[in-house]
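See structure below.
Values quoted throughout were computed directly from the atomic coordinates according to the rules given, and no laboratory measurement underlies them. Everything numeric here is computed off the predicted structure, so don't read it as measured data. Backbone-built Cβ (ideal geometry, glycine too); neighbour counts: all protein chains shown.
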Amino acid sequence: MTRREFLIAGGVMAASAPSRPPNIVLILADDLGYGELGCYGQKQIATPNLDRLAAEGIRFTQAYAGSTVCAPSRCALMTGLHTGHARVRGNHYPDVPLRPEDITITEILKKAGYRTALVGKWSLGGLSTTGYPTRKGFDEWFGYFSQTHAHDYYPDLLLEQEREYLVRGNFGTKKTVWAHDLFTERALAFIRRRPQPFFLHVCWTIPHANNEAGRDTGNGMQVPSDAPYSDRDWPQPEKNYAAMITRMDADVGKLMEALRETGQEQNTIVIFTSDNGPHREGGHDPNFFDSNGPLRGIKRDLYEGGIRVPMLVRWPARIKPGQVSDQVWAFWDMLPTLAEAAGASAPPGLDGISMLPAWLGRPQRNHEYLYWEFHEQRFKQAVRMGDWKAVRNGPGRPLELYDLKADPGETRDVAASHPEVVARIERILAQARTDSAEFPVREGKSG
C-alpha cells in the first residue's frame, strides 16, 4: 500500500487518542539563530513572551531543523522525511512543489477532523501546482506567492485561498502595511473563531532579510520601527534586526493571550521553532548578537549553527512546565509526533519517529542517526549519531568528525583518532539517501 492509498483508505485512526484532541499552533520563524532568544542566552534582544513560553513548557537544547535553508527544512517538517528522501532538498526558483503522494501533517490532521489554517510563507508549491497549500490540507491560507516573494515585508499583493489579495496601503511609494501585521491578525481571528479542534501554522519570515533591498540599500531588515532599540549605538540594520525579533515576540504574546481569552489554552499545543540557523544577509552580521550562541556555523552550513535551532513546546494539559530537555530530535519527527498527539496514525515509510513520549516524560525511542544533505554550490552531507557529528563539505572531501558532548562548538576534528566511527558513518552516508532528479549530486565549486 502506498502512502497515498494509506491516507485515502482511512489509515488515519486512533493511535493513543486523548479524550479530546488538542488544538495545535505551530509557529515557524525564518533564519532565527539558536542564540537569539533570551531563554537560549541572548543578552541584547528582548524576547519576554518566548521566554515565558519556554518556562511554561519544555525548552529543547538539541533539536534540529530539516535543513540549513528554508524550503527543504519546511518539507522535512511537513512530510516526516529527511533531505535524503524528501521531495524538496534545496531552495529553487520556481519553488519545487510537493506531489499528491507527498503526505503532509496537515492532510493527516484534516482527515482526523481538524480545521486547518496557514498564514505567511509556504515554500512547497505555488498557484496551480500540486503543492499549493489548499491542495495539501489547509482549509484556510493567506500569505506570499512564493519563497522569493516572501523576501518583501511590504508587498502590494498577497494570496488569499486561490485569489489575489490587494495590499492597498503598499501601492504608492510610501509603504504603510507590514505584511506580518496582517498575518498576525489572520492568526488571531482564526483562534477567536474557536474551531475545534484546529491546526494553525504561523510562518512569519522574521528575521529573514529582504535580500534585494539589502543589495540596493545596505539594509534589508524591513520593519515599521526600530523601537525599542532606537537609541542604541548600533548599525541601523542591527537595530532593525533586533526590533523584528522583539516585534515577533510581542505577536507570540498576542496569540497566547487569545488562547487564554477564548478558554483554549489548556488543551492547545504551542510549538515555536526556526527553519535554520542565522543569516549573514541584508546588512546583518550574525556575530553582532552572537546569533548562533556557542555553536559553529550559520545558514547554509551543516555545522551545528546552521541546523540546531530553538524548540519550545507548551501543552498545559499534558506537559509539565519548567523543563529543559537534551532529547535529540529533528523536524522530520514533527509529523509522527503531532499525529500521535491528535490520535491519528502517521503513514508508513517515514524517517521521523514520534517524540510524544519525550514531551510527556515517558521513555523515548531514539534515532540511530540523523541525516542531512545540502545542494547549494556543492553536495554536502552531515550525520549525527549519538554524540558524534560528521560533516562532509563536498564529494571526495575528507569526513570531519566531532564529539558534540565534549566539543559542541565543533572546534576539534577527531576523525583521525576514531577510524571505526568514521567507517560506520561512511556506511550511513552511502545508505541514507536516494537519488533525486530535481537535486542531483554535483561536484560544485572548488575551494
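Going 7 Å from the Cα of Arg194 along its beta-carbon direction, which residues of the range 242-262 have the amide nitrogen within less than 11 Å of the resulting point? Counting only backbone N, you get 261-262. Quick one: Cα centre-to-centre distance for the range 406-447 and the range 139-158, in angstrom? The range 406-447 and the range 139-158 have Cα centres separated by 36 Å.
Over 22 Å between Cα atoms: which of Lys110/Lys299; Lys299/Lys380; Lys299/Lys389; Lys43/Lys320; Lys175/Lys239; Lys111/Lys136 fall into that group?
Violating the 22 Å Cα-Cα cut-off are Lys110/Lys299; Lys43/Lys320.
What residue among Glu400, Glu101, Glu410 has the largest mean-square fluctuation in a Gaussian network model of the chain, using Cα springs under 10 Å? Maximum fluctuation in the GNM of the chain, among the listed residues, is at Glu101.
Here the Gaussian network model covers the chain, with springs between Cα atoms less than 10 Å apart; of Thr47, Thr246, Thr217, Thr217 fluctuates the most. Computed from the alpha carbon atoms alone, the convex hull of the range 371-431 holds 86 Å³ per residue. Taken about its Cα centre, the range 371-431 carries a charge dipole of about 140 debye when Lys and Arg each add +1 at the Cβ and Asp and Glu each add -1 at the Cβ. The gain in end-to-end length when the Ser230 to Thr61 segment is fully stretched comes to 57.7 nm, 0.36 nm per residue minus the alpha carbon separation. Of the Cα atoms belonging to the range 341-447, the radius of gyration and Dmax stand at 16.4, 50 Å. In the elastic network of the chain, a GNM with C-alpha springs shorter than 10 Å, the most mobile of Val421, Val252, Val383 is Val421. The range 270-308 and the range 174-197 have Cα centres separated by 27 Å. Extension gain, Glu101-Asp326: 0.36 nm per intervening residue step, less the Cα-Cα distance, totals 77.6 nm.
Roughly how compact is the range 21-367, stated as its Cα Rg over 2.2 N^0.38 Å to two decimals? In units of the 2.2 N^0.38 Å rule of thumb, it is 0.91. Modelled label positions at Asp181 and Thr411, each set 7 Å beyond Cα in the direction of Cβ, lie 4.5 nm from each other. Estimated at 0.36 nm per residue, the fully extended path between Arg168 and His149 surpasses their Cα-Cα distance by 5.2 nm. Gyration tensor analysis over the Cα atoms of the range 280-370 returns equivalent ellipsoid semi-axes of 29, 17, 12 Å (largest first, whole Å).
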